[in-house]
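Peer 1: Encoded as structure tokens, here's the structure I'll be asking about.
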Amino acid sequence: MNQLPDFWRTEVFHPLSVHLPIALLLMATFFKLVSLWNNGETWNKGGSILLFVGVIGGWISIYTGNLADGIVSRELCDPTVLKDHENASLVTVWLFTSVVLIEMIHGFLQKAWLKLLMVMTMLIGSGFLGYTGHLGATLVYQQAAGVYVPSSDCEEFE
Amino acid sequence: MKRIIKLVPAFLLVVFFAACETTDVVESGIYTGTIDEVEPAKTEIYVKTAEGETLELYFTEETSLSRAGEEVDFSMLEEGMTVEVEVEKVGKRLDPISVEIME
């Protein structure tokens, strides 16, 4: 008889940790984009807080993804998708991390072009973020990465 | 504005090449190459073949690892070692059947 595996498996921590930073980084991009026209504190500081927390969450996702990689790679039929997912995620997190650094420099220099560079990098980062998410979804819905597939007679649920 | 137009693509290229790692999918067979990277936590190695391809190999319970015909532990593997690997291509996954340390 098959036994239902524990829910709190190492590979499950990755999907649990990715969605919050995705939302935070996309919202941070939106806030900073609006702040180009409206320099109010809500958009500017709000965007900075979202960005900072999102980047921390992004690095946590990279860590949990690395843990999951060691487990699911042996079961995938096409691990090249996982490699692309990993590469895109690293580009995404490095782009947003660099935005934090640009923002710190902008804090000292107060140059308008630095703010524009920041928003452009965030928009490109959001594109990579969407692509990373798409590849992650492909891994789950086409290759059942990290997913427990129940037996055909659902015996383990009885 | 011109400064930004020049900066963004250059910046993107730097990030892209610094972050990305590529691997190759090859047909089932025996390959000789050098260990490029060892990941003990994942029992995984990257082997760079003489043809310049990078094979990402996750050891399975069936993978045999040997040196001079004797079974050895995964911890014996180090970067720069020459190895002969027999791989089986399953879908686009490469399962290592055997790894022989040549040196």
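The numbers here are math on the coordinates, done by the rules we state, and not lab data. In this text the structure is predicted, and so the values were computed from the model without any measurement. Please note: Cβ atoms are built from the backbone with ideal geometry, for glycine as well, and neighbour counts cover all protein chains shown.
Peer 1: In the stretch B:15-38, how many residues are within 10 Å of the chain's Cα centre (by Cα) and either in a strand (DSSP E or B) or of a type in the set (S, T, N, Q) (or both)?
Peer 2: 8
Peer 1: Tell me which residues, restricted to the stretch A:84-122, are of a type outside the set (A, V, I, L, M), over 17 Å from A:GLY58 (Cα atoms) and without any contact (Cβ under 8 Å) to a residue 40 or more places away in the chain.
Peer 2: A:HIS106, A:GLY107, A:PHE108, A:GLN110, A:LYS111, A:TRP113
Peer 1: Output the number of the condition that A:ASN66 fails; it satisfies all remaining conditions of (1) over 29 Å from B:GLU56 (Cβ atoms); (2) out of contact with any helix residue (DSSP H, G or I) (no Cβ under 6 Å at 6 or more places or on another chain).
Peer 2: With respect to (1) over 29 Å from B:GLU56 (Cβ atoms); (2) out of contact with any helix residue (DSSP H, G or I) (no Cβ under 6 Å at 6 or more places or on another chain), A:ASN66 is out only on (1).
Peer 1: Let me ask another. Which count do you get for residues in the stretch B:68-82 that are touching a residue at least 40 places away in the same chain (Cβ under 8 Å) and farther than 14 Å from B:GLU44 by Cα?
Peer 2: 3
Peer 1: Among A:ILE71, A:ILE49, which is assigned to a helix (DSSP H, G or I), surrounded by fewer than 18 Cβ atoms within 10 Å (Cβ to Cβ) and touching a residue at least 24 places away in the same chain (Cβ under 8 Å)?
Peer 2: A:ILE71
Peer 1: Evaluate the following for B:VAL47: is it outside any strand (DSSP E or B) and surrounded by 11 or more Cβ atoms within 10 Å (Cβ to Cβ)?
Peer 2: Taking the combined requirement at face value, the residue does not satisfy it.
Peer 1: I'm checking my understanding of the structure. Among residues of the stretch B:49-103 that are more than 14 Å from chain A (Cβ to nearest Cβ) and among the hydroxyl-bearing types (Ser, Thr, Tyr), which one is nearest to the chain's Cα centre (by Cα)?
Peer 2: For the stretch B:49-103, the residue satisfying everything is B:THR49.
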